[in-house]
Amino acid sequence: MLRYLTAGESHGPALIAIVEGLPSGLALTADYVNRQLKRRQGGYGRGARMSIESDKVEFLSGVRGGITLGSPLTLYIGNKDWSNWSQIMSPDPEALVEEKVVTRPRPGHADLAGALKYRHKDIRNVLERSSARETAARVAVGSTARKLLEELGIEITGQVLQIGGINADIGKNDPEELKKHLASSQVLCADPVAERQIIDRIEQARQKGDTLGGVFEVRVHGAPAGLGSYVHWDRKIDASLAAALMSIQAVKGVEVGMGFNGAALMGSQFQDEIFYQKDRGFYRATNRAGGIEGGMTNGEVIVLRAAVKPIPTLYQPLQSVDLIDKTISRAAIERSDVCAVPAACVIGEAVVAWEIARACLEKCHGDSLDELKENWSHYLTYLRQV
Ligand SMILES: Cc1cc2nc3c(=O)[nH]c(=O)nc-3n(C[C@H](O)[C@H](O)[C@H](O)COP(=O)(O)O)c2cc1C
């Protein structure tokens with residue numbers, strides 16, 4: 001079983017993840033993971049924190065000579081900002097916990113509910129962990145899954161479809177052009193016209209002390225039919241993918257395939273008719289279902305979209321109430337992004353990679369990569385010949 005845990009505070013010494021269940025024999029280097037970490041840090045509209053950090057992973061266990069051992073992987077990402085916070089965030093009883101205290105909860109954050117739930121008097125104790133800094137660990141974890149999926153011929157791509165109400169027109173681009181533009185886009189958007197407008201909109205928001213949200217899409221290419229299951233609610237792959245995407249900070253909605261737009265169609269307009277070709281097996285000419293039917297992949301491209309709300313920390317803060325003395329005051333300001341939709345998309349790719357890798361291992365098993373690939377190849381042959 002593939003599973004992981006993460007730990008670490010935003011201004012603590014490091015972020016840590018422990019990954020268990022990755023087969024032995026997978027080639028995995030820090031450079032590979034670091035490329036994804038770098039993508040997460042990018043995107044026009046990020047705040048000053050991203051210029052302090054340059055996230056790099058270190059494997060503390062589970063990899064030897066660039067190859068996974070089959071034992072638990074420990075991933076370590078140091079926080080450079082720790083040097084500025086070591087006395088305030090120190091675990092020692094002598095820590096300077098009276099400094100940088102936060103008592104004015106920010107609307108839209110975990111601040112208020114988190115302080116009430118855990119009986120904290122200093123909201124810093126909440127925001128240090130609820131912050132999206134934690135997602136660096138999840139991107140590192142997702143990269144290990146992405147590497148495994150590459151071995152199985154499965155590719156994960158992501159792109160931003162909308163920021164601040166400006167929609168990308170992606171219909172006109174062919175996939176190769178799209179890939180080329182995405183690689184250089186500052187907002188992970190395949191439409192260069194929309195990209196320019198989005199950058200202007202982000203600048204306008206920044207000048208007003210305001211923030212933006214948007215929509216991103218993640219696609220999974222090469223997943224065969226039969227990942228996930230219809231037999232029980234917690235084995236449905238659309239459910240696990242939606243939960244993974246919803247768990248990303250600021251994601252407020254998830255769609256599969258046509259999603260909410262499909263709800264207005266007739267059944268005859270929505271369902272994807274079934275075709276068959278010798279040596280290809282069953283396939284569809286349309287993909288309104290987004291590659292998932294009955295809690296299982298159906299062999300078509302998996303299409304997922306997520307809506308990201310605008311960043312809650314505002315440099316022109318909204319009203320709040322002080323946690324301690326109950327006075328009405330403006331919400332606290334923590335160093336913050338104006339827009340993080342491109343970064344959220346990279347995180348989306350990572351969490352989707354993880355869920356797909358988990359489903360692949362569940363379907364075909366394998367303590368070693370070789371064993372997994374043998375089982376995988378048998379299954380693909382069966383699907384082509386059935
Ligand atoms: C990549 C990324 C970066 C984010 N950066 C910030 C930020 O700088 N400031 C902020 O207030 N919220 C930021 N957020 C959003 C908050 O973390 C999130 O809204 C908050 O934790 C509350 O969770 P919820 O929106 O899921 O309810 C970011 C989210 C993501 C995905």
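The values are calculated or read from the model by the stated rules, or taken from the named source; none is laboratory data. Predicted model only: the values in this text are computed from it and were never measured. FYI the Cβ positions are ideal-geometry reconstructions off the backbone, even for glycines, and counts take in every protein chain you see. For the accessible areas, the whole protein counts, side chains as well, though only heavy atoms, and no ligand, DNA or RNA atoms are used. Shrake-Rupley method; radii C 1.70, N 1.55, O 1.52, S 1.80 Å.
Descriptive notes on the structure:
- Using 0.36 nm per residue and subtracting the Cα-Cα separation, the extra length available between LYS56 and HIS221 on full extension is 56.6 nm.
- As a rough guide to protection, the peptides 240-246, 276-282 ranked by mean Cβ packing within 10 Å, highest first, stand as 240-246, 276-282.
- Estimated from the Cβ-Cβ distance and a Förster radius of 41 angstrom, the FRET efficiency linking GLU98 and ILE328 is about 0.95.
- Backbone amide hydrogens, once placed in the peptide plane, bring GLU293 within less than 5 Å of ASN298, excluding anything fewer than 5 places away on its chain.
- Principal-axis tilt of helix 135-151 within the chain, Cα atoms, nearest 10 degrees: 10 degrees
- With respect to the chain, whose longest principal axis is taken over its alpha-carbon atoms, helix 192-207 is tilted by about 20°.
- Pairwise FRET efficiency - TRP82 versus ALA263, Cβ, R0 = 56 Å, nearest 0.05: 0.75
- If you sort ARG39, ARG119, ARG284 by accessible surface, 1.4 Å probe, largest first, the order is ARG119, ARG39, ARG284.
- Overall form of region 313-368 per C-alpha gyration tensor (a/c, 1.5; a/b vs b/c): prolate
- For LYS80, a cut-off of 24 angstrom between C-alpha atoms picks up these lysines, skipping any fewer than 8 places away in its own chain: LYS38, LYS56, LYS100.
- Once the C-beta distance of LYS309 and GLU177 is scaled by a Förster radius of 22 Å, the resulting FRET efficiency is 0.10 to the nearest 0.05.
- For ASN79, nonlocal amide neighbours, meaning residues 5 or more places apart or on other chains whose placed amide H falls under 5 Å from its own, are ALA14, LEU15.
- Shape of region 1-97, Cα gyration tensor, a/c cut at 1.5: oblate
- Using θ = phi - 60° and Karplus 6.51 cos²θ - 1.76 cosθ + 1.60, couplings along region 155-171 (whole Hz; Gly, Pro as x): 10, 10, 10, x, 7, 8, 9, 7, 9, x, x, 9, 8, 7, 9, 9, x
- Its Cα gyration tensor gives the chain an equivalent ellipsoid. The semi-axes, each the square root of 5 times an eigenvalue, are 37, 26, 19 Å from largest down.
- Over the chain, DSSP H runs of length four or greater, each weighted -39,500 (n - 2.57), average out per residue to a 222 nm ellipticity of -10500 deg cm²/dmol.
- Gain in span if fully extended, ALA113 to TYR283, counting 0.36 nm per residue against the direct Cα distance: 56.4 nm
- Nearest 10 degrees, 0 to 90: helix 30-41 Cα axis against the chain principal axis: 60 degrees
- Here LYS117 is the anchor, and the lysines within straight C-alpha reach of less than 19 Å, apart from those fewer than 8 places off in the same chain, are LYS326.
- All aspartates and glutamates inside 19 Å of LYS180 as judged from Cα atoms, apart from same-chain residues fewer than 8 positions distant: GLU155, ASP169, ASP191, GLU195, GLU217, GLU349
- In this label model, VAL386 and ASP169 are separated by 4.1 nm, measuring between points 7 Å along each Cα→Cβ vector.
- Packing rank of 310-320, 335-345, where each peptide gets the mean count of other beta carbons within 10 Å, highest leading: 335-345, 310-320
- Region 164-246 shape via C-alpha gyration tensor axes, a/c threshold 1.5: oblate
- Rounded to the nearest whole Hz, the Karplus-based 3J(HN,Hα) values (6.51 cos²θ - 1.76 cosθ + 1.60, θ = phi - 60°) of region 370-386 follow the sequence 4, 5, 4, 5, 4, 5, 5, 5, 4, 5, 5, 4, 4, 5, 6, 9, 4, with x at glycine and proline.
- Whole-Hz ³J(HN,Hα) from phi, Karplus 6.51 cos²θ - 1.76 cosθ + 1.60, for region 6-17, glycine and proline x: 10, 8, x, 9, 4, 10, x, x, 6, 9, 10, 9
- Listed peptides 214-222, 258-266, 293-301, 180-188 by packing density, highest first (mean Cβ within 10 Å): 214-222, 293-301, 180-188, 258-266
- Close amide-amide hydrogen proximity is noted between ILE67 and LEU28, each under 5 Å apart and 5 or more residues distant or on a separate chain (H modeled in the peptide plane; Pro and chain starts excluded).
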